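Below is one structure, written out as structure tokens, with a few remarks after it.
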Amino acid sequence: MTSADQYLAELGQQLRVDAVRATSTAGSGHATSSMSAADLMAVLLARHLRYDFDWPDHPGNDRLILSKGHASPLLYAAFKAAGAISDEELLTFRTLGSRLEGHPTPRLPWVDVATGSLGQGLPIGAGVALAGQRLQEAESRVWVLSGDSELAEGSVWEAFEHAGYERLSSLTAILDINRLGQRGPTRHEWDLDAYRRRIAAFDWHTIEVDGHDPAAIDAAYTEAAGVTDRPTAILARTMKGRGVAAVQDREGMHGKPVPDEAEAVEELGGPRDLRVEVRRPEATTVPRSPGGPQPELPRYAVGEKVATRNAYGEALAALGAARPEVVALDGEVSDSTRSEFFAKQHPDRFFECYIAEQELVATAVGMAVRGWLPFASTFAAFFTRAHDFLRMATVSRVGLCLAGSHAGVAIGEDGPSQMGLEDLAMFRALHDSTVLYPCDANQAAQLVAEMAEETSGLRYLRTSRGADPVIYPPEERFPVGGSKVLRSSPGDRLTVVAAGVTVHEALRAADELGEEGVPVRVVDLYSVKPVDAATLREAAEQTGCLLTVEDHRHAGGLGDAVLDAFTDGRPVPRLLRLAVDSLPGSAKPDEQLRAAGIDAGAIATAVRRHLAGHGA
């Protein structure tokens with residue numbers, strides 16, 4: 001072994017020792033999973049990673065994604081070796097207030113995305129690489145360190161397909177094949193050829209290597225960097241718990257500190273204090289700053305019938321003309337979501353992710369990591385396929401804009417498999433999310449622009465398939481957190497709260513009731529989260545009762561959003577709710593609304609019953 005290789009071997013041992021020390025001090029954590037990949041990390045850190053730890057946002061930095069996020073002690077040990085954290089901070093692992101959480105998050109400036117929900121690192125890495133190659137022509141590389149257990153996740157194979165199809169030569173997947181999962185052996189154990197055949201079928205270059213041979217690892221990384229027409233997967237045969245006999249390649253040791261810290265450290269050769277001078281990237285052009293002139297949004301005449309999905313697509317195209325950092329992604333339904341309008345005007349910033357909703361969201365996350373502002377669209381129902389990626393995006397603190405079309409029973413004949421009836425609940429439940437549901441084209445266009453002005457979090461726009469009358473003039477503004485009172489009088493007997501398609505039904509019901517001498521207030525609650533609590537409280541105080549009507553399931557939707565405005569301890573008003581209770585079939589949109597009990601007739605009937613029941 002050369003002196004250089006000996007240094008790499010010693011660095012690998014240091015990473016193992018520090019992983020043992022951190023987990024043992026914490027009394028929990030994944031020591032053995034960290035130990036298997038220590039040599040892979042050591043060679044990458046010392047020889048191949050180009051990164052400026054003093055400037056984490058350097059546009060020329062390589063990106064390192066630890067997909068096997070439970071091996072966070074290894075990552076933190078590497079940060080210590082690079083001088084980014086101290087030994088004292090290393091030993092705060094998993095303690096209250098520490099930046100060194102059980103699984104890495106962007107609380108550390110050198111962590112781009114949160115990991116730990118397995119199967120997400122490679123899909124996001126593909127998005128980072130795609131942005132670097134297609135949008136920035138960056139020379140930086142994307143390194144994703146994955147475990148073998150997560151190769152059972154379907155999202156990983158979406159990523160292999162996506163990256164291979166896009167020829168993402170800057171992407172290298174380092175696969176730590178240590179044979180053991182959480183409860184026992186993995187599906188293919190050490191059969192590297194089984195993995196190789198599958199990955200190569202997706203047009204990846206593959207390299208098999210002894211994951212504990214620094215010289216072989218070094219050569220594999222060098223080979224990967226020289227491949228210019230496809231991504232590379234390095235299949236490294238490793239041993240879980242490498243170097244400590246009590247845990248090496250032994251079942252039942254996953255997720256635990258080693259049994260005896262002192263004995264393990266001694267067996268690994270004792271503590272070391274090697275420092276790695278990580279090579280900094282070359283100087284590069286700083287990306288353009290986000291922001292720009294206000295877009296020239298489309299304008300629709302009051303009374304004109306326009307689908308909000310059309311307004312979304314046209315407004316997105318206009319936004320793209322004004323904001324060069326805006327990119328659009330779709331899941332092979334752009335002709336339905338209308339993101340095709342953006343694609344036609346800005347083809348260099350449109351990305352087709354095909355029917356792979358997990359990869360769709362992951363690619364958007366990867367592009368956000370690179371500083372772009374992604375708008376990702378598909379049917380509202382199909383975002384449920386990517387819920388975990390959305391959840392983890394909030395942990396990663398990235399900013400994403402999402403549009404779900406074909407929401408609710410109002411889509412008509414396509415039937416229940418295509419109807420988004422749970423999406424409002426899903427997005428409302430996510431941390432730092434904004435949920436918007438426009439009822440007309442001008443409102444939808446304005447809300448697209450509002451989404452772009454937000455600086456963080458997930459922003460979800462729910463759009464409709466059918467064309468409804470425009471009720472707002474183009475100059476109307478719709479701030480996030482607001483609402484619009486469309487009908488109001490001093491004698492209102494009740495307030496109908498609606499959003500999207502049910503706003504039109506509420507207006508028709510209000511007109512019908514008005515002719516009977518029963519005035520009702522109508523509130524367009526286009527901002528479902530955050531909700532306009534002040535307007536709702538005023539309406540409750542003045543009219544005594546709120547009736548919510550929504551093209552969504554009862555749980556988690558508009559009704560629950562309204563209820564949240566009254567959880568501050570003040571008296572709760574009388575609340576009535578109309579929502580979709582049954583399982584719809586195929587029918588025309590107006591038939592669907594009637595069958596679900598959320599059309600104008602149902603609203604008027606509910607008001608009459610309430611007033612009759614209260615002697616009004």
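Return a whole-number percent for the relative contact order of the range 305-469, with Cα pairs under 8 Å and 6 or more residues apart as the contact set.
Numbers: 358 pairs, mean separation 47.4, N = 165.
It comes to 29 percent, rounded to a whole number.
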Amide H contacts under 5 Å for Arg230, restricted to residues at least 5 apart in sequence or on another chain and with H modeled in the peptide plane, are Ser169
Estimated D of the range 85-213 in µm² per second, where Rh is the Kirkwood radius over Cα pairs and Stokes-Einstein applies at 10 °C, 1.306 mPa s: 98
Label the range 375-459 by shape, choosing from rounded, prolate and oblate, from the square roots a ≥ b ≥ c of the eigenvalues of the Cα gyration tensor; if a/c is under 1.5 it is rounded, and otherwise prolate applies when a/b is larger than b/c, oblate when it is not. oblate
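If you wrap the range 195-291's Cα atoms in a convex hull and average its projection over all directions, what's the area in nm²? Please list the in-between numbers first.
Working: hull surface 46.0 nm².
Orientation-averaged projected area of the Cα hull: 11.5 nm².
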15 Å beta-carbon shell around Asp335, net charge (K/R +1, D/E -1): -2
Nearest 10, in degrees from 0 to 90: the angle of helix 600-613 to the longest Cα principal axis of the chain is 70
Taking each pair of different alpha-carbon atoms in the range 145-190 once, compute 1/r for the pair, average those values, and report the inverse of that mean as the Kirkwood hydrodynamic radius in Å to one decimal. 11.6
Report the antiparallel proportion of the DSSP beta bridges in the chain as a percent, rounded to a multiple of 5. 15
Among Thr378, Cys545, Pro59, flag the residue with its Cα farthest along the positive direction of the charge dipole of the chain, charges on Cβ as +1 for Lys/Arg and -1 for Asp/Glu. Cys545
Taking a ≥ b ≥ c as the square roots of the eigenvalues of the Cα gyration tensor, with a/c under 1.5 meaning rounded and otherwise prolate when a/b exceeds b/c and oblate if not, the range 485-613 is oblate
Separation in nanometres of the label points that stand 7 Å from Cα toward Cβ, at Asp335 and Trp55: 4.7
Lys pairs under 28 Å by Cα in the chain, provided they are eight or more residues apart or on distinct chains: 11
If you place +1 on the Cβ of every Lys and Arg, -1 on the Cβ of every Asp and Glu, and leave all else neutral, what size is the dipole of the range 198-297 about its Cα centre, to the nearest 20 Debye? 320
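For an R0 of 25 angstrom, estimate the FRET efficiency from the Cβ-Cβ distance between Glu304 and Ser488 and round to the nearest 0.05. Present the calculation step by step, with values, prior to reporting the outcome.
Details: r = 25 Å, r/R0 = 0.99.
Computed FRET efficiency for Glu304 and Ser488 comes out at 0.50.
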Mean separation of Cα pairs under 8 Å and 6+ residues apart, divided by the residue count of the chain: what relative contact order is that in percent? 12
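How large is the dipole of the chain about the Cα centre if only Lys and Arg carry +1 and Asp and Glu carry -1, each at its Cβ, rounded to the nearest 20 debye?
Working: 61 positive and 86 negative charges, 158 e Å.
It comes to approximately 760 debye.
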Please give the Cα centre distance for the range 218-243 versus the range 352-381, rounded to the nearest Å. 27
Glu541 and Arg477 label points (each 7 Å along its Cα→Cβ direction) are spaced in nm at 2.5
Residues with amide H under 5 Å of Leu373's amide H, sequence separation 5 or more or different chain, H placed in the peptide plane at 1.01 Å from N; which? Val326, Val327
GluC sites (Glu not before Pro), restricted to the range 117-180: which are DSSP loop and have at most 14 other Cβ atoms within 10 Å? Glu137, Glu139
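Count neighbours as other Cβ atoms within 10 Å of each site's Cβ, and list the chymotrypsin sites (Phe, Trp or Tyr not before Pro) in the range 300-407 that are DSSP loop with at most 15 such neighbours. Can you show the working numbers first?
Details: sites: Tyr300, Tyr312, Phe341, Phe342, Phe350, Phe351, Tyr354, Trp372, Phe375, Phe379, Phe382, Phe383, Phe389; in loops: Tyr300, Tyr354, Trp372.
Of the chymotrypsin sites (Phe, Trp or Tyr not before Pro), the ones in loops of the range 300-407 whose Cβ has at most 15 other Cβ atoms within 10 Å are Tyr354.
When the Cα atoms of the range 305-469 are enclosed in a convex hull and the volume is divided per residue, what value in Å³ results?
Values: hull volume 15.6 nm³, N = 165.
Spread over its residues, the Cα hull of the range 305-469 gives 94 Å³ apiece.
So what's Rg/Rh here for the range 54-98, counting alpha carbon atoms and using the Kirkwood radius for Rh?
Working: Rg = 11.9 Å, Rh = 11.9 Å.
So for the range 54-98, dividing Rg by the Kirkwood Rh gives 1.00.
Counting each pair of different Cα atoms once, what's the Kirkwood radius of the chain in Å, rounded to one decimal? Write down the numbers at each step before the final one.
Numbers: mean 1/r = 0.0383 Å⁻¹.
Taking every pair of different Cα atoms in the chain, averaging 1/r and inverting gives 26.1 Å.
Suppose every K and R has +1 on its Cβ and every D and E has -1 on its Cβ; what is the size of the dipole of the range 305-469 about the Cα centre, in Debye to the nearest 20? Could the numbers behind the result be given before it?
On the way: 14 positive and 21 negative charges, 55 e Å.
Magnitude of the dipole: close to 260 debye.
At 0.36 nm per residue, minus the direct Cα-Cα distance, what do Ala4 and Ala152 gain on full extension? Give it in nm, one decimal, please.
Numbers: separation 148, 0.36 × 148 = 53.28 nm, distance 3.62 nm.
Gain in length upon complete extension: 49.7 nm.
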Pairwise label distance in nanometres, Leu611 with Ala429, each label 7 Å out on the Cα-Cβ vector: 3.8
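Quick one: length gained pulling Leu563 to Lys344 fully straight, 0.36 nm per residue minus the C-alpha distance? Kindly include the intermediate steps, with their values, before the conclusion.
Numbers: separation 219, 0.36 × 219 = 78.84 nm, distance 4.23 nm.
In short, 74.6 nm is gained.
For the range 382-523, which semi-axes, largest first and in whole Å, follow from the square roots of 5 times the eigenvalues of its Cα gyration tensor?
For the range 382-523, the ellipsoid semi-axes come out as 30, 18, 14 Å.
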Non-local amide H neighbours of Gly408 (under 5 Å, H modeled in plane, Pro and chain starts lacking H): which ones? Gly420, Leu421
So what J values fall out for the range 169-185 if you push phi through Karplus, 6.51 cos²θ - 1.76 cosθ + 1.60 with θ = phi - 60°, rounded to Hz, Gly and Pro as x? 5, 7, 9, 10, 9, 9, 9, 8, 8, 9, 6, 10, x, 6, 10, x, x
Tilt, helix 214-226 to longest principal axis of the chain (alpha-carbon atoms), in degrees rounded to tens, equals 50
Roughly how tilted is helix 441-453, in degrees to the nearest 10 and between 0 and 90, from the longest Cα axis of the chain? 30
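Only the coordinates and a few stated rules stand behind these numbers; no lab work does. Everything numeric in this text was worked out from a predicted model, so none of it was measured. Heads up, the Cβs are rebuilt from the backbone with ideal geometry, glycines too, and the neighbour counts pull from every protein chain shown.
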